[in-house]
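Asker: Next up is a structure, given as structure tokens.
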Amino acid sequence: MSPRASARPVLQALAVALALSGGIAAAQDAELPGALAELLQAANEQGAADFTRAVQLIALTRPADEIVRAAEALGRGNAARRALGLEPVLLAEEAARAAAVEMEEDEEDGKDDGLEDDSSGLGSTVVAAPMSIARTLANGRFELWEGRASLGIRFDSGNTAREDYTFALQVRRELSGWGFQGDIDYAYSEVNGTIGRDNFRTRLRGEREAGERFTYFAAADYERDRIASFDWTAFAGVGAGYRVLTRPGRTWILRAGPGIRMLAEPGNGTQTVGALDIGSDVALQLTESLNFTSETSVLVADTSRIDQLFGLTTDLNELWSVRLQYRYRYEFEPNPGFEKGDSRTDISIVREF
């Protein structure tokens with residue numbers, strides 16, 4: 001065995017000792033206030049998602065190092081680091097375990113220094129990646145990222161009166177430094193062999209924090225519905241948001257931003273006009289398993305419209321739920337022969353991931 005390889009166990013033991021001493025020193029530093037520490041502990045008992053939200057909420061008023069130390073006392077240090085956008089660290093126990101494994105490999109293989117270093121880094125990567133994926137599959141959810149896929153039935157009234165089959169997909173990253181939301185909604189139906197509904201809509205929004213209350217964002221919305229009074233309509237814009245409520249289980253965000261609205265109407269070509277998008281998003285946790293959401297969007301332009309969406313979701317377990325959703329759209333200047341108001345009700349089974 002080379003001198004470098006023989007010295008490695010001593011260096012690894014020293015690294016473990018430093019990690020342990022660092023943990024003791026950290027415990028002597030400033031601690032998280034008692035009320036916030038109790039909130040963090042209660043959120044940890046509720047589950048990973050609630051723990052992540054609690055960390056992000058506390059981060060609005062307390063330094064990250066205090067939150068991480070409090071989380072380490074609960075055995076969730078790395079989870080808190082991920083929620084804060086920090087890199088996870090190798091804990092002392094994991095360092096000792098890795099050192100023991102590497103010592104055994106050195107004794108068995110007896111390879112030269114260069115090969116030992118390369119194989120160690122490659123081996124750690126190859127082993128860590130499948131383990132991380134396995135933990136994600138076992139938990140059923142990602143840290144910070146969440147999504148849902150739903151399949152259901154839609155009932156329309158107003159310009160149309162029909163039943164459709166719907167499929168929807170939503171992906172969202174919680175706002176911790178930056179956030180993202182993407183929605184895809186598709187409805188299809190046939191009446192006596194003729195297509196009665198072929199509606200597709202997608203919405204995208206990227207958002208960035210700008211202080212404790214304010215955010216700024218870029219958003220895009222595209223909808224195609226050849227059976228309605230338009231072929232397709234789209235909006236793209238940028239703006240700012242203000243978080244009115246940031247309590248656990250109660251959030252309210254106001255958004256506003258200028259942009260461009262495009263509307264393709266049969267026989268009229270495509271119109272492009274300036275527009276102002278004003279929105280309000282409310283989310284309330286009514287009970288442990290019942291959640292309410294309200295999304296309001298007012299598009300002010302030459303062809304203005306209002307969209308109001310209410311949602312009520314009841315959890316069946318951690319991954320499955322049932323959702324009741326109602327949407328009302330009001331077009332101020334519809335094409336001749338079409339009503340101004342349309343309502344839509346969806347009942348769907350939802351799979352969280």
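Asker: With the condition kept exactly as written, say whether any residue in the range 159-167 is surrounded by fewer than 16 Cβ atoms within 10 Å (Cβ to Cβ), within 22 Å of PRO334 (Cα to Cα), assigned by TED's automatic domain parsing to the domain that holds GLY257 and not hydrophobic (A, V, I, L, M, F, W, C).
Answerer: Yes, the range 159-167 contains a residue that is surrounded by fewer than 16 Cβ atoms within 10 Å (Cβ to Cβ), within 22 Å of PRO334 (Cα to Cα), assigned by TED's automatic domain parsing to the domain that holds GLY257 and not hydrophobic (A, V, I, L, M, F, W, C).
Asker: On to the next question. Looking at this structure, is SER189 part of a strand (DSSP E or B), in contact with a strand residue (DSSP E or B) (Cβ under 6 Å, 6 or more places away or on another chain) and modelled with pLDDT under 85?
Answerer: So SER189 fits the description; yes.
Asker: What are the residues in the range 175-206 that are among the β-branched types (Val, Ile, Thr) and buried (at least 16 other Cβ atoms within 10 Å of the Cβ), if any?
Answerer: Once the filter is applied, which keeps residues that are among the β-branched types (Val, Ile, Thr) and buried (at least 16 other Cβ atoms within 10 Å of the Cβ), the range 175-206 yields only THR202.
Asker: Given (1) surrounded by fewer than 17 Cβ atoms within 10 Å (Cβ to Cβ); (2) basic (Lys, Arg); (3) over 18 Å from ARG261 (Cβ atoms), where does LYS340 come up short, assuming only one miss?
Answerer: Failed condition: (3).
Asker: Test LEU36 against the criterion of being assigned to a helix (DSSP H, G or I), over 30 Å from VAL171 (Cβ atoms), of a type in the set (A, V, I, L, M) and modelled with pLDDT of 80 or more, and give yes or no.
Answerer: Yes: the conditions hold for LEU36.
Asker: Hey, another quick one. If a residue has to be loosely packed, with under 14 Cβ neighbours inside 10 Å and over 28 Å from the mean Cα position of the chain (by Cα) to count, how many in the range 260-313 make the cut?
Answerer: 9
Asker: For the range 228-248: of the residues being β-branched (Val, Ile, Thr) and surrounded by 15 or more Cβ atoms within 10 Å (Cβ to Cβ), which is farthest from the chain's Cα centre (by Cα)?
Answerer: Top of the filtered list is THR233.
The values are calculated or read from the model by the stated rules, or taken from the named source; none is laboratory data. For clarity, every value in this text was computed on a predicted model and none was experimentally measured. Note that we place each Cβ from the backbone using ideal geometry, even for glycine, and neighbour counts take in every protein chain shown.
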